[in-house]
Each structure stands twice: as C-alpha cells, then as structure tokens.
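Asks: My structure is below; once you've seen it, I'll send some questions.
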C-alpha cells in the first residue's frame, strides 16, 4: 500500500478538525510524522513554504484556513474571520503538547476500559485528559475543576464542540476536596494535574485524599525537583525534615500519601526547552 503524501495527510488532518476554530502547527506536524515517518524538518519544509505542495498552494486550505504566529511564538492555523486568540488561550495552549497528550494517555491507562466510573481532572481549555479518558472508556462521569473563570468559559464552549459532558466546578482543587460531601463520592482516577510542587496547599488536599481514601488512583503532576522550592516556615520545615535524604521531593509527597502505594512515576517535558514535569501515580492500599 502506498504511503500517503504529506499533502494528503495534511488535508486529512484539517478535515478531521473541521469543527475547530484553530489548530496547532505542532499537532499538524505530529499527525503527519506519526503516519509517514518523515522528519520534522522535511514536514516543515514541505508545508510551511510557498512552492508546490505547501499548504498555501491548495485551495482546500487557503479558502478556509490561514496561519498565524502568536505572541508566545507558537504557530496556529485559524479559520478566516476568527479573532486572534486572547491572552488566556495563548497561555493555556502552551500546555497542549504531544508529550502532554502522551502523559495523559499513561495516566488514563489506569482507568478500566469498561464499566461505569467517576474521574476527576483539570481539563483546562483543551480537555486532552477528558478526551483521552473518554476514548478509553466512554461510559464514565467526569468532574472538572478550574479556578479561572475565563478558562472555564473557553472549556465549556470547547466541550460543546466536542460533544462531551463534564460537571464543572469553578474553585481551587484544595477547596473542592475540603468541601462537605466530597468524601461521599468514589473516584476511580483523580488526576491532579496542578504542575506545582510540594507546598502547604498541596499537603492540604493530599492529606484529605489520604484520609478519606475515596480515590482508587491518584495521579499528581508536579515540577520535577530534587529538593524543595521557595522559603518560609513550612518549606524550611520540609528541608529540615528531609535533610541528608535522596529524592526529597518525591519522598515528601509519598509520605503525605501513606495510605496509598506509588505504582508509577515518570518524567516528561511539555516542549523543547521547558521545565521537566514529573507524574506520581498512587493506588489505594497495599498493592
């Protein structure tokens, strides 16, 4: 069977995303490279130029789409007539990368593929985690936490376009788990993609999870650290407690989750040149 050309795969990608107002250039390139094995440089040279075979040489592209460079440096393809992305969307798009998508797949691999289950996650504007979870098991109920009203409004528009359902709560994660009634609901996967680090607010919500044990799996995404960040009485206390120990940051988080067992741990970068992120996945009880 003949391998599809770059142009054919590009048209396939834009057709599949016809309901979206914009798509990322990196997503387009990843889609093509996964299917024909070409290098990033070759795909870039073919599509982003001006000659035969480039995107702008095809009416199916130029009649509907145009390329735009955001203030963040990222390139997107947006539909004609659509407004430039706002600052909130630009900021949140920085977190939507191929590595981030693969991390979501690894986290949601702990979700059973069949049966009714509840999950809690932080969808942001793209809902990669939501889409990944639903692709694995469409028979799930999803609670989504978002503290930024603007981000939540964008997600609610996005989920209507995707045709997915989430129960959305506008609050901080620690506020949600500390609310009366939280412990009455059972979650199979609790995806705490906070991208922070060991701190007093993190300890507050992890201690609740550890105490009530209403989550089968808890995935915590943090900045990858060997030590502790910032200063102050609380952080200085952690430094003193774990002085002389290796892997301080991870050990601290595991200590807060002593009713759980760490069953997975991995590191990824959201993009080239960005800080490494680390994911810890805990399972309830002694595994």
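Asks: For the range 95-111, what are the residues that are modelled with pLDDT of 85 or more, touching a helix residue (DSSP H, G or I) at 6+ places or on another chain (Cβ under 7 Å) and assigned to a loop (DSSP other than H, G, I, E, B)?
Replies: 111, the sole residue that qualifies.
Asks: Then there is this: Just one of (1) at pLDDT 95 or above; (2) surrounded by fewer than 18 Cβ atoms within 10 Å (Cβ to Cβ); (3) over 21 Å from residue 178 (Cβ atoms) trips up residue 269, so point out which.
Replies: All conditions are met except number (1).
Asks: Okay, moving on. Which residues, counting only those in the range 205-216, are over 17 Å from residue 279 (Cα atoms), buried (at least 16 other Cβ atoms within 10 Å of the Cβ) and either without any contact (Cβ under 8 Å) to a residue 40 or more places away in the chain or not assigned by TED's automatic domain parsing to the domain that holds residue 105 (or both)?
Replies: 208, 214
Asks: In the list 184, 226, 247, which residue meets the criterion of being free of Cβ contacts under 8 Å to residues at least 60 places away in the same chain and on the phi > 0 side of the Ramachandran plot?
Replies: 247
Asks: Let me spell it out: the conditions are (1) within 21 Å of residue 17 (Cβ to Cβ); (2) surrounded by 15 or more Cβ atoms within 10 Å (Cβ to Cβ), and residue 111 meets all of them except one. Which number is the exception?
Replies: If we test residue 111 against (1) within 21 Å of residue 17 (Cβ to Cβ); (2) surrounded by 15 or more Cβ atoms within 10 Å (Cβ to Cβ), just (1) comes out false.
Asks: Return yes or no: is residue 176 under 25 Å from residue 106 (Cβ atoms), in the same structural domain as residue 133 (by TED's automatic domain parsing), assigned to a helix (DSSP H, G or I) and in contact with a strand residue (DSSP E or B) (Cβ under 8 Å, 6 or more places away or on another chain)?
Replies: Criteria met by residue 176.
Asks: Residues 123, 133: which one is in contact (Cβ under 8 Å) with a residue 40 or more places away in the chain, within 25 Å of residue 270 (Cβ to Cβ) and assigned to a loop (DSSP other than H, G, I, E, B)?
Replies: Just one listed residue meets the conditions, 123.
Asks: Still on this model: Being outside any strand (DSSP E or B) and closer than 19 Å to residue 145 by Cα narrows it down to one of 206, 238, so name that one.
Replies: When all the criteria are applied, what remains is 206.
Asks: Please note which helices (runs of 4 or more DSSP H) are completely contained in the range 4-74 and include at least 2 residues that are farther than 25 Å from residue 161 by Cα. Talk me through it step by step, then tell me what you get.
Replies: Numbers: elements: 6-16, 25-36, 40-47, 59-62.
Answer list for the range 4-74: 6-16, 25-36, 40-47.
Asks: Going through the range 217-235 one residue at a time, which ones are assigned to a helix (DSSP H, G or I) and exposed (fewer than 13 other Cβ atoms within 10 Å of the Cβ)? It would help to see each step written out before you state the result.
Replies: Going through the range 217-235, the residues assigned to a helix (DSSP H, G or I) turn out to be 233-235.
Matches in the range 217-235: 233 only.
Asks: A follow-up question, please. Checking the condition within 30 Å of residue 182 (Cα to Cα), at pLDDT below 80 and not assigned by TED's automatic domain parsing to the domain that holds residue 19, which residue from 114, 146, 92 passes?
Replies: 92
Asks: Looking at the range 241-266 only, could you name the residues that are surrounded by 16 or more Cβ atoms within 10 Å (Cβ to Cβ) and part of a loop (DSSP other than H, G, I, E, B)?
Replies: Correct list: 242, 257.
Asks: Suppose we filter 56, 76, 119 for residues that are touching a strand residue (DSSP E or B) at 6+ places or on another chain (Cβ under 9 Å), modelled with pLDDT of 85 or more and surrounded by fewer than 18 Cβ atoms within 10 Å (Cβ to Cβ); which single one remains?
Replies: The match here is 56.
Asks: Go through (1) in a helix (DSSP H, G or I); (2) surrounded by 18 or more Cβ atoms within 10 Å (Cβ to Cβ); (3) in contact with a helix residue (DSSP H, G or I) (Cβ under 9 Å, 6 or more places away or on another chain) one by one and return the number of the condition residue 152 breaks.
Replies: Residue 152 satisfies all of (1) in a helix (DSSP H, G or I); (2) surrounded by 18 or more Cβ atoms within 10 Å (Cβ to Cβ); (3) in contact with a helix residue (DSSP H, G or I) (Cβ under 9 Å, 6 or more places away or on another chain) except (3).
Residues checked against (1) modelled with pLDDT under 90; (2) farther than 21 Å from residue 100 by Cβ; (3) more than 18 Å from the chain's Cα centre (by Cα):
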| site | (1), (2), (3) |
| --- | --- |
| 150 | yes, no, no |
| 157 | yes, no, no |
| 163 | no, yes, yes |
| 169 | no, yes, no |
| 172 | no, yes, no |
| 176 | no, yes, yes |
| 179 | no, yes, yes |
| 183 | no, yes, yes |
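Asks: Among residues belonging to the range 28-46 that are surrounded by 17 or more Cβ atoms within 10 Å (Cβ to Cβ) and at pLDDT 85 or above, point out the one that is nearest to residue 79 (Cα to Cα).
Replies: 28
The values are calculated or read from the model by the stated rules, or taken from the named source; none is laboratory data. Small disclaimer: the values here were computed from a predicted structure and weren't measured. Using ideal geometry, Cβ is built from the backbone for each residue, glycine included, and neighbour counts are taken over all protein chains shown.
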